[in-house]
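Every number in this text was worked out from the coordinates using simple rules, so none of it is lab data. Not measured: the values here are computed from a predicted model. In this analysis, Cβ positions are derived from the backbone assuming ideal geometry, glycine residues included, and neighbour counts consider all displayed protein chains.
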There are 2 protein chains.
Amino acid sequence: MPKIVDHDARRRLIADALMRVAAEQGLEAVSLRHVAAAAGVSAGMVQHYFHTKDEMMAFALSAVMDRSEARIRAAVEALGADPPPRLLLRTLIAALLPLEGTAMADGRVALAFLAYAAVRPEAGQSLRPGTSQMVDFVAGLLPEPHGAESATALLALMEGLGVYLLGGQLTPDQALATLDAQLDLLFGPPGATLTR
Amino acid sequence: MPKIVDHDARRRLIADALMRVAAEQGLEAVSLRHVAAAAGVSAGMVQHYFHTKDEMMAFALSAVMDRSEARIRAAVEALGADPPPRLLLRTLIAALLPLEGTAMADGRVALAFLAYAAVRPEAGQSLRPGTSQMVDFVAGLLPEPHGAESATALLALMEGLGVYLLGGQLTPDQALATLDAQLDLLFGPPGATLTR
DNA sequence: GTCTTTCCAATACAACTGCAATGCAAACGC
DNA sequence: GCGTTTGCATTGCAGTTGTATTGGAAAGAC
């Protein structure tokens, strides 16, 4: 067994390049050679690590999900232990919104994959467990009278804000104001609690 | 001036075919020849009516917007004059959600174009006025205490529900329940008014 | 040393892409 | 009639696509 290389590191390197290409020019521009060029490697090497393009796409999709999971974890951990629910929710959602540079790039890639998965059911299947898990988590943070529908609504709101941010229909400020308004709706009027 | 044909009808015919291809296989599968085949015409004819692919895409994008506008109009007109605001909002949003067959197909196309426009600013520009106009309209329908943020939130919620519906994360029933929960939040608890 | 397995670069190939060019038929103005 | 303009089908072309194949260099196993 010669020439040991970190197999998974190579694949992540390639997936990163793919995401860069997709963020800048869309998934349609993702080809073996483009990705290879963006990664600074030969096309043959890409082929060595991904026997087929579908395989590469599937790996990149899972890499996208890993990234957003990491984004969540980082935001939550920065809050310390036992943060107030409303602040936790706001931080968590804000961390997932495409508000600035790198978050926007990730958001563009995620949006591209959403459209990609919408016409490829087998690819979309891997996305489902993540959101249902999120719904449960969010539902646990909402104050009493609210059920699972409010949690779903909050996440759908997040998704929609993301779309509008990427489309340029909303500025980051507007998106955050909208998010805060929704949180007001869920947690009660602004001055009514100390969680603001 | 010989052989008069309805120029615009041809272009709509082609755009319809494009949307069918995009709904089934995504925008990446949209090529001159595929679209021509789906429309049952020759590739040369497509070229005759659209000098370039970008031109064809731009026309199809505007056709998508026309469709959703027509969808809104049909839903609103079916309600008759002076419907209660809450019912009007619910009807309007439900009409735009990809809940069943043809609405889902249109939704997939719309999602594809959203991702398309996210990496092509000049294409996305045409989408902006529509939503800002919608925000104003929705804001006018909401009861007193609510401002533009709530209108934006409602539309973002709609967008997010659409994404989740297309991704299979939500069933139509769940999406509608979520929408109703949000309307409860905005219009007051279920039994408090007669608008339910 | 040699062997053998892994890594990767290069090339080849058929299929497809958008687009330009060509040619012809239909139909209206005259 | 005739000419001219429009509608469209066909073909050609250069470039790109995904994938298969080939070949060789590097490095552990022996």
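Charges were assigned to the Cβ only: +1 to each Lys and Arg, -1 to each Asp and Glu. The resulting dipole of chain A about its Cα centre is roughly 540 debye. Rounded to the nearest 20 debye, the dipole magnitude of the stretch B:73-123 is 120 debye, with +1 charges on Lys and Arg beta carbons, -1 on Asp and Glu beta carbons, and the Cα centre as origin. Summary for B:Ala148: label point 7 Å along Cα→Cβ; distances to the equivalent points in the other copies, ascending, 3.7 nm.
When the charge dipole of the protein assembly as shown is built from unit charges on Cβ atoms (+1 for Lys and Arg, -1 for Asp and Glu) and taken about the Cα centre, the candidate among A:Ala112, A:Pro143, A:Ile72 whose Cα reaches farthest toward its positive end is A:Ala112.
When you have a sec, figure out the Kirkwood radius of the protein assembly as shown from all distinct Cα pair distances and drop it here in Å to one decimal? So the Kirkwood estimate lands at 22.5 Å. Sorted from greatest to least, the principal axis extents spanned by the alpha carbons of the stretch B:1-102 come out as 51, 36, 21 Å.
Between B:Gly162, B:Gly140, B:Gly107, the residue with the greatest mean-square fluctuation in the GNM of chain B (Cα pairs under 10 Å linked by springs) is B:Gly140. Largest GNM mean-square fluctuation across B:Arg73, B:Arg128, B:Arg108, computed for chain B with C-alpha springs under 10 Å, falls on B:Arg128.
Across the identical copies, the 7 Å label point of A:Arg128, projected outward along Cα→Cβ, sits 3.8 nm from its counterparts, in ascending order. A cut-off of 5 Å between modelled amide H atoms, ignoring neighbours fewer than 5 places along the same chain, links B:Leu99 with B:Met104.
Shortest first, B:His48 label-point distances to identical copies amount to 5.3 nm, with the label point at 7 Å from Cα along Cα→Cβ.
Near B:Glu149, within a Cβ-to-Cβ distance under 12 Å, what is the net charge of the other residues, with Lys and Arg +1 and Asp and Glu -1? Net charge around B:Glu149: -3.
Taking Cα centre as origin and charging only the Cβ of basic (Lys, Arg, +1) and acidic (Asp, Glu, -1) residues, the dipole magnitude of the protein assembly as shown rounds to 1040 debye. Scanning chain B for long hydrophobic helices, with DSSP H runs required to stretch 24 angstrom or more by C-alpha along their axis and to average at least -0.5 on the Kyte-Doolittle scale, returns B:7-25, B:53-77, B:101-118, B:148-167. Counting neighbouring beta carbons within 10 Å and listing from fewest to most, the residues B:His48, B:His34, B:His7 come out as B:His7, B:His48, B:His34. Sorted into 10 angstrom bins from 0, the C-alpha pair distances of the stretch B:7-192 split as 9, 33, 33, 18, 7, 1, 0 percent.
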